[in-house]
Each structure stands twice: as structure tokens, then as C-alpha cells.
Amino acid sequence: MSSDNNTMAKIKPLSNSNYPEWSGEMKAWLMRNGLWRLVSKKEVKPPKEGEDLNKWEAKAEKAAGEIYLMVENDQRVHFRGHEEDPIQMWKLLEDAHLSKKPGARFNAYDDLFNIRKQDDETLVDLGVRIEGLGSKRQCRLSRT
């Protein structure tokens, strides 16, 4: 990792309403800093003590710190007790923000199917509005 990565991310911290945007930007930030492979479990924890384990644990601490700092205080309750485990932190935040309940899916589809073009709205504006709604609801609709 290069030394210029020590600056804070310019990501709006996770709140109750911005998980889709936050998760995409946070994933990109972690990728840029060489930490996403660890958070996504592609880089597995070495099984035995040694230099490799020490390096993995140092990266895990950095990833956990990045996630912690990019979450608003009221969202930290979702991963309390797992502040040193970035894999679990990411999973718990995802679980908390991606509702898998039938009611939430119904509401997401209802919102999507009830979009109508406003009289003073251009087709481009309508498309942007639909895309924005789709990106906010995408995870909810596609998860089972």
C-alpha cells in the first residue's frame, strides 16, 4: 500500500438511508487500499502463527478501522462486539440494511411500478429518478 492512502476517505458515513451508495463507495475505498480481498473473504486467514498471520491481522485491523470510521455513531450498534473483525462488521451491516422481508420487497416493487412521469419532467429526468430508485432498492429486490 502506498503512503498517500493515509488520508481519510471522502465517503459520506453510513446512515439509516444511504447503504447502497455507502457500500459501493466503501468497497471501492477498501479495494484502493488493498483491503477488500480480506473483507470479502478472498484472502483467507493463514492457519498458523508466523509472519503471514501477522500481516493478515494487521490488514484486518486496518480494514476494521476504515469501516468503523465510515459509519455514523448510531450505526455502530449493528457490529458492537465485533469491532476488530472487518468480515463480520461488513456482514452485520449488510444484514441490518438489506431487508429480506416480504413486506419490504412488496414496498420496493410498489414504489418501482408506481413511478409516473410528471408533467414538468423530461424523459432524462424521469430516467434518472427511476435509476436512483432502482439503485436504492436493487439489493432488496435481488436478494432472497
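Residues in the range 62-81 that are over 16 Å from the mean Cα position of the chain (by Cα) and surrounded by 14 or more Cβ atoms within 10 Å (Cβ to Cβ): Lys62 alone. Pairs only if they're at least six apart or on different chains, beta carbon under 6 angstrom, first in the range 72-91 and free of Cβ contacts under 8 Å to residues at least 40 places away in the same chain and in the same structural domain as Arg37 (by TED's automatic domain parsing), second part of a helix (DSSP H, G or I) and among the small types (Gly, Ala, Ser); list them, first residue then second. Sorted first by the residue in the range 72-91, then by its partner, the pairs are His78/Ala96; Glu84/Ala64. The residues in the range 82-119 that are more than 23 Å from Ser17 (Cβ to Cβ), at pLDDT below 90 and within 19 Å of the chain's Cα centre (by Cα) can be counted, and the count is 0. Evaluate the following for Ser15: is it within 14 Å of Gln75 (Cβ to Cβ), of a type outside the set (D, E, K, R) and either assigned by TED's automatic domain parsing to the domain that holds Gln75 or loosely packed, with under 10 Cβ neighbours inside 10 Å (or both)? Spelling it out, Ser15 is indeed within 14 Å of Gln75 (Cβ to Cβ), of a type outside the set (D, E, K, R) and either assigned by TED's automatic domain parsing to the domain that holds Gln75 or loosely packed, with under 10 Cβ neighbours inside 10 Å (or both). Of all the residues in the range 22-46, those that are of a type in the set (A, V, I, L, M), part of a helix (DSSP H, G or I) and touching a residue at least 40 places away in the same chain (Cβ under 8 Å) number 3. Of everything in the range 18-61 that is over 15 Å from Ile87 (Cα atoms) and in contact with a Cys (Cβ under 9 Å, 6 or more places away or on another chain), the residue that is surrounded by the most Cβ atoms within 10 Å (Cβ to Cβ) is Tyr19. Here Val39, Val71 are screened, and the one residue that is β-branched (Val, Ile, Thr) and in contact with a strand residue (DSSP E or B) (Cβ under 6 Å, 6 or more places away or on another chain) is Val71.
The values are calculated or read from the model by the stated rules, or taken from the named source; none is laboratory data. All figures in this text were calculated on a predicted structure; none of them were measured in a lab. Virtual Cβ from ideal backbone geometry, glycine too; neighbours counted across all protein chains shown.
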